Structures are given as structure tokens and as C-alpha cells.
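Beneath this line is the structure, given in C-alpha cells, with notes to follow.
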Amino acid sequence: GFSSGRVLDAGCGPADIPIRFARRYPSCHVTAVDASQPMIKLAEQAVSQAGLNDRITLRCERFDDVPGANVFDAVLSNSLLHHLPNPLQFWNKLRQLVKPGAPVLVMDLLRPDSPEEAQAIVDRYAAGAPAILRRDFFNSLMAAFTEDEITTQLARLNLTRLLIDVIDDRHWVVGGTIY
């Protein structure tokens, strides 16, 4: 299982999740991928400080370009999907990379029903943040998907063992196994 296997974190950012995961599952190895060089630089510092260089491999590359098939025992992804040009390609790539029966956990933002509602969410959770961060948050919310859209994406690729759960007013989680 994933607790002793190879785990992929797609869109790892500054590596918060890989570090937490590696600490919790001391016999797993995490490959953490992000297309942003500045993020990978931050991740390298964090992983090094955590003393986990031997258990977390960082790669600056696009998720689409990650090589291999049936290589990972589990996949995690947080807030990557809304950045990608083609969501179906994301789910397809996910299926290609994991071993049959692998657990998958994908989380992202939930698109509100209107720009006004998006602005209300920004005001609720990022009131004191710098203007540029508030704008990024708003744009990300508007670029994100609705629950119905994610359900349709999964159905189109026949990933019906993956279930979506809306966990709060601005996030959804898809979890389950891929066969």
C-alpha cells in the first residue's frame, strides 16, 4: 500500500503536504512535482530543513510530463486542477500514473455561483491579505470547477469509484481508488 510505497504529489507548491505525509508514513517515498521553479526552490529549502531529502524527490515539471505508467501507489493533488488547460487530461494522466487499486486524493477550489459570491468568499477568508493575493484568490475561485462539472469529468472517464465531497464553502475533495 501507499504507506510504504511511492506517492506522487501533483502541484506540490512549497512542499507542505509531502513533508507532512512523509512524516506520517515513515516508509513511503514521495515524488513531488510542480511546474513553478520558484515553488520548487521553496520546496527544496523546506524539505532540506525537515531532513527529508532522502524520502522526498522534488521535480520541476508539468504534471502532464511526469513519465511512467502504473508507477505510483497513491496520488495526492491540492489546488492544481484549476490551473490546467484541460481537466480531462488531468484525470486521464492520473489514471495512467497509478497502479491499479491505488488510492487517490484530489482537492481544489469550488467555483461559486457568481462573481459576487466569489468576492464575498475572498472578503470572508482573505480580508487582511495584500491586494494581489486577494485578486489571485478571486481569479482562482472563478477558474475553478463546480461539483457538477467534476462529477461529469469523472463520469466521462469512467472513474466512477472516485467520489466528490464538498467539504466547505470553497473546496471539494475527490477520493477513492483507481482501477
Return the only residue of 76, 84 being within 22 Å of residue 9 (Cα to Cα), at pLDDT below 95, among the aliphatic types (A, V, I, L, M) and within 14 Å of the chain's Cα centre (by Cα). 84
Scan (1) in contact with a strand residue (DSSP E or B) (Cβ under 9 Å, 6 or more places away or on another chain); (2) in contact (Cβ under 8 Å) with a residue 12 or more places away in the chain for the single condition residue 165 breaks and write down its number. (2)
I'd like to verify a number: residues in the range 11-26 that are open to solvent by 60 Å² or more (accessible area, probe 1.4 Å) and either among the β-branched types (Val, Ile, Thr) or part of a helix (DSSP H, G or I) (or both), how many? 4
Give the residues of the range 147-179 that are acidic (Asp, Glu) and either part of a strand (DSSP E or B) or farther than 22 Å from residue 76 by Cβ (or both), sorted by residue number. 148, 165, 169
Give just the number: which of (1) farther than 27 Å from residue 140 by Cα; (2) modelled with pLDDT of 95 or more; (3) of a type outside the set (Phe, Trp, Tyr) does residue 68 not satisfy? (2)
Flagged pairs (Cβ under 7 angstrom, 6 or more apart or on separate chains; first in the range 107-129, farther than 26 Å from residue 154 by Cα; second open to solvent by less than 30 Å² (accessible area, probe 1.4 Å)) are 121/112; 121/141
Return yes or no: is residue 119 within 29 Å of residue 161 (Cα to Cα) and either at pLDDT 95 or above or among the β-branched types (Val, Ile, Thr) (or both)? no
Based on this model, can you work out whether residue 52 counts as of a type outside the set (Gly, Ala, Ser), touching a residue at least 12 places away in the same chain (Cβ under 8 Å) and under 24 Å from residue 154 (Cα atoms)? no
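Going through the range 158-172 one residue at a time, which ones are open to solvent by less than 30 Å² (accessible area, probe 1.4 Å) and of a type outside the set (Phe, Trp, Tyr)?
159, 162
Here is a yes/no grid of residues against (1) within 21 Å of the chain's Cα centre (by Cα); (2) of a type in the set (D, E, K, R); (3) farther than 21 Å from residue 85 by Cβ:
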{"site": "103", "(1), (2), (3)": "yes, no, yes"}
{"site": "107", "(1), (2), (3)": "yes, no, no"}
{"site": "112", "(1), (2), (3)": "yes, no, yes"}
{"site": "117", "(1), (2), (3)": "no, yes, yes"}
{"site": "144", "(1), (2), (3)": "yes, no, no"}
{"site": "161", "(1), (2), (3)": "yes, yes, yes"}
Strands (runs of 3 or more DSSP E) fully within the range 27-146 counting 2 or more residues that are open to solvent by 20 Å² or more (accessible area, probe 1.4 Å) and within 20 Å of residue 170 (Cα to Cα): 74-78, 102-109
Quick one: how many residues across the range 119-172 are among the charged types (D, E, K, R) and in contact with a Pro (Cβ under 9 Å, 6 or more places away or on another chain)? 3
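The values are calculated or read from the model by the stated rules, or taken from the named source; none is laboratory data. Since the structure is predicted, the reported quantities are computational estimates derived from the model, not experimental observations. Glycine also receives a Cβ, built like all others from the backbone with ideal geometry; neighbour counts cover every protein chain displayed. The accessibility values were calculated without ligands, DNA or RNA, using every heavy atom of the protein model including side chains. Shrake-Rupley method; radii C 1.70, N 1.55, O 1.52, S 1.80 Å.
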